[in-house]
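Presented below is the structure to which this report refers.
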Amino acid sequence: RKFTFATTAALMASVWGGAALAQETREFEVSLPLGPESHQAVGVLKFGEELERLSEGRLTIRPQYDNALGAEREVVEGMSFGLIDMGITSTGPMGGFVNDFMLFDLPYIFTTADAAYAFLDSEHGTALADKLEAETNVKILGWMENGFRHNTNNVRALNTPEDLAGIRHRTQESRVQVDTWTALGANASPMAWTEVFTALQQGVMDSQENPVPTIYDVKFYEVQEYLNLTQHVYSPAPLMMGADLFNSLSEADQTIVLEAAAIATPVQREASQQMEQDLVAELETLGMTVTRPDLAPFKERVQPVIAQWKDTVGAELVDAALATAP
Ligand code: MLT
């Protein structure tokens, strides 16, 4: 791949001089935690389509599905060091890089998707992206989404937090999430995404939480009986690129990359919302028992977790997010 890039660039530079750099051809590898039919893939594929159209075929992508390039934390590190071009990930592991990102682990902060979009598309989303780039050398191109997360388990339906007693629950690699599920009454422990299906299958874990499109994409209905619509967290899925790679592109190509992401982001969000709506019934058909618990007791139980983490995450940021509630 490097050979192609270098030789194409050198050839063009020799033919047209320096200005020819704007005419580079380039294929970006993009890591996804989910498969080609997922809501993440809708966004990545739309980005690729727009990239190709806007660059008249010079810039293309090669998606790498189901964490083929590594687990999410490794992919962020890979982009940071210039070993991986691009990736879409959940924000769960990102609080390990920048404390502010633990905002998206705090429970019941965003109450509607529109409130989350308004927040992410405001100066707050820009400031979070700038901080990530300054501290990790990874650039956010667009705030795509994973969506609201819900519990699944194979022990019992959750009508109240008390129903979590004794349940071994997998969290993402986030201390806030461990504290949240401990406060709710579960036996919580963190685990990388790549290990979760097998852990549920083998009974090492009883329970996990993810958005409905994710639960469907990875076939959790094969290893989980109950879908409990706890809606405890809104989870973005930023589309990202190594900052050195982005900065190595010509200005014209940087604009194309950003424009392609700006077009693809609302398309991905809309598809994700549609899938969330359609797939609950589908999961029920596939055998899951769906429960819509009263969320009030869940929210009440986790208030101390918000209070405990607020200063670490950033009090102003947390208050700004809470203020989005309609
Ligand atoms: C996780 O639970 O680790 C993530 O939500 C997986 C993903 O990014 O789809």
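Take residues that are more than 25 Å from the chain's Cα centre (by Cα) and either modelled with pLDDT of 95 or more or on the phi > 0 side of the Ramachandran plot (or both) and tell me which of the helices (runs of 4 or more DSSP H) falling wholly in the range 1-90 contain 2 or more.
39-54
Are any residues in the range 151-167 under 21 Å from Trp193 (Cα atoms) and either of a type in the set (D, E, K, R) or surrounded by fewer than 24 Cβ atoms within 10 Å (Cβ to Cβ) (or both), and if so, which ones?
Asn154, Val155, Ile167
Tally up the residues in the range 35-47 that are touching a residue at least 60 places away in the same chain (Cβ under 8 Å) and either surrounded by fewer than 24 Cβ atoms within 10 Å (Cβ to Cβ) or more than 16 Å from the ligand (Cβ to nearest atom) (or both), please.
5
Spot the failing condition for Arg170; the list is (1) free of Cβ contacts under 8 Å to residues at least 60 places away in the same chain; (2) surrounded by fewer than 19 Cβ atoms within 10 Å (Cβ to Cβ); (3) of a type in the set (Lys, Arg), and only one is missed.
Failed condition: (2).
Please verify whether the range 101-124 includes one or more residues that are touching a strand residue (DSSP E or B) at 6+ places or on another chain (Cβ under 6 Å), within 16 Å of the ligand (Cβ to nearest atom), more than 27 Å from Ala323 (Cα to Cα) and not in a loop (DSSP other than H, G, I, E, B).
no
Pairs under 8 Å by beta carbon, first residue closer than 16 Å to Asp278 by Cβ in the range 213-232, partner polar (S, T, N, Q) and assigned to a helix (DSSP H, G or I), six or more apart or different chains?
Filtered contacts from the range 213-232: Pro213/Ser272.
Which residues, counting only those in the range 214-237, are within 13 Å of the ligand (Cβ to nearest atom), among the hydroxyl-bearing types (Ser, Thr, Tyr) and either crowded, with 24+ Cβ neighbours inside 10 Å or under 20 Å from Thr285 (Cα atoms) (or both)?
Thr214, Tyr216, Tyr234
Sort through Val280, Val313 and tell me the only one that's away from the ligand (no atom under 16 Å from the Cβ), buried (at least 17 other Cβ atoms within 10 Å of the Cβ) and within 27 Å of Asp100 (Cα to Cα).
Selected residue: Val313, the only one of Val280, Val313 that is away from the ligand (no atom under 16 Å from the Cβ), buried (at least 17 other Cβ atoms within 10 Å of the Cβ) and within 27 Å of Asp100 (Cα to Cα).
Quick check on this structure: which one of Gly242, Gly314 is under 18 Å from the mean Cα position of the chain (by Cα) and either closer than 20 Å to Asp85 by Cα or touching a residue at least 12 places away in the same chain (Cβ under 8 Å) (or both)?
Gly242
Scan the range 48-97 for residues that are closer than 26 Å to Asn210 by Cβ and either among the polar types (S, T, N, Q) or within 16 Å of the ligand (Cβ to nearest atom) (or both) and report the count.
31
Select from the range 106-131 the residues that are of a type in the set (Asp, Glu) and farther than 16 Å from Thr265 by Cβ and write down the one among them that is surrounded by the most Cβ atoms within 10 Å (Cβ to Cβ). Don't jump to the end; show me each part of the working.
Looking only at the range 106-131, we keep the residues that are of a type in the set (Asp, Glu), and these are 114, 121, 123, 130.
Of the ones still in play, those that are also farther than 16 Å from Thr265 by Cβ are 123, 130.
Working: Glu123: 10, Asp130: 13.
Among residues in the range 106-131 that are of a type in the set (Asp, Glu) and farther than 16 Å from Thr265 by Cβ, the one surrounded by the most Cβ atoms within 10 Å (Cβ to Cβ) is Asp130.
Could you check, for the range 140-159, whether at least one of its residues is assigned to a helix (DSSP H, G or I), more than 16 Å from the ligand (Cβ to nearest atom), at pLDDT 95 or above and at negative phi?
Among the residues of the range 140-159, not one is assigned to a helix (DSSP H, G or I), more than 16 Å from the ligand (Cβ to nearest atom), at pLDDT 95 or above and at negative phi, which makes the answer no.
Quick one: Phe246 ticks every box in (1) in contact with a Phe, Trp or Tyr (Cβ under 6 Å, 6 or more places away or on another chain); (2) away from the ligand (no atom under 13 Å from the Cβ) except a single one, so which number is it?
Of everything listed in (1) in contact with a Phe, Trp or Tyr (Cβ under 6 Å, 6 or more places away or on another chain); (2) away from the ligand (no atom under 13 Å from the Cβ), Phe246 misses just condition (1).
From the list Ala325, Ala260, Ala252, Ala281, which residue is of a type in the set (A, V, I, L, M, F, W, C), under 29 Å from Arg73 (Cα atoms) and either touching a residue at least 12 places away in the same chain (Cβ under 8 Å) or in a helix (DSSP H, G or I) (or both)?
On the way: Ala325 fails: under 29 Å from Arg73 (Cα atoms); Ala252 fails: under 29 Å from Arg73 (Cα atoms); Ala281 fails: under 29 Å from Arg73 (Cα atoms).
Unique residue meeting the criteria: Ala260.
What pairs come out if I take residues in the range 174-200 that are closer than 19 Å to Gln231 by Cα and within 13 Å of the ligand (Cβ to nearest atom) and pair them with residues that are assigned to a helix (DSSP H, G or I) and small (Gly, Ala, Ser) whose C-beta lies under 6 Å away, six or more apart or interchain?
From the range 174-200, the pairs are Ser174/Gly92; Ser174/Gly95.
The values are calculated or read from the model by the stated rules, or taken from the named source; none is laboratory data. Small disclaimer: the values here were computed from a predicted structure and weren't measured. Cβ coordinates were reconstructed from backbone atoms using ideal geometry, including for glycine residues, and neighbour counts include every protein chain displayed.
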